[in-house]
Amino acid sequence: MRENSELLISSLEKAQAELKRIAEKLEQEFHDRYDPSEVNPTAVLARIHKLQRELPIVTDEARQILTAKAECIHALKTHLVGASDQLQMIQHKTGMPVDPSSAELSTTVKAALADFSGRSGMLLSAENSCASLDQAH
């Protein structure tokens, strides 16, 4: 049994060496056949393999960026709404007339924040696209 195992290992090593020799021969033939200005299929294949290895990393980084962006939008929304409400409260408590442009600004801020919230949905859909890419890989 040991002899059979050693024979199998030897055969596999020979096959691996032969495949390596064939790969080197093909690479040399492609190198000789194609000018540097032309598209070399082995170079394209190597680039595809490299991109396949890098895709999960880029997908993860994109997901992290989208998450950070959504967190920033949420923090901005919370801060702006709070500041706008405090400004109106201070104006009301001090008896200052509420400037129509201030009230308009508050309405504009809240509308813009609602628009940002809608865009947060786009961020989530972009994150889902990243997840789809990740699954396709």
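Every read-out reported here was derived from the displayed coordinates using simple, explicitly stated rules and does not represent laboratory data. If you're wondering where the values come from, they're calculated on a predicted model, not measured in any experiment. Cβ atoms come from the backbone with ideal geometry, glycine included; neighbour counts cover every protein chain shown.
Summary table below
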{"read-out": "Loop sites in the stretch 26-87: trypsin sites (Lys or Arg not before Pro), DSSP, at most 14 other Cβ within 10 Å", "value": "none"}
{"read-out": "Extension gain from THR42 to LYS14, taking 0.36 nm per residue of separation minus the Cα-Cα distance", "value": "7.7 nm"}
{"read-out": "Partners for LYS77 among lysines (Cα-Cα distance below 28 Å; same-chain residues under 8 apart left out)", "value": "LYS69, LYS93, LYS110"}
{"read-out": "Anisotropy class of the stretch 10-88 from Cα gyration tensor, a/c 1.5 cut", "value": "oblate"}
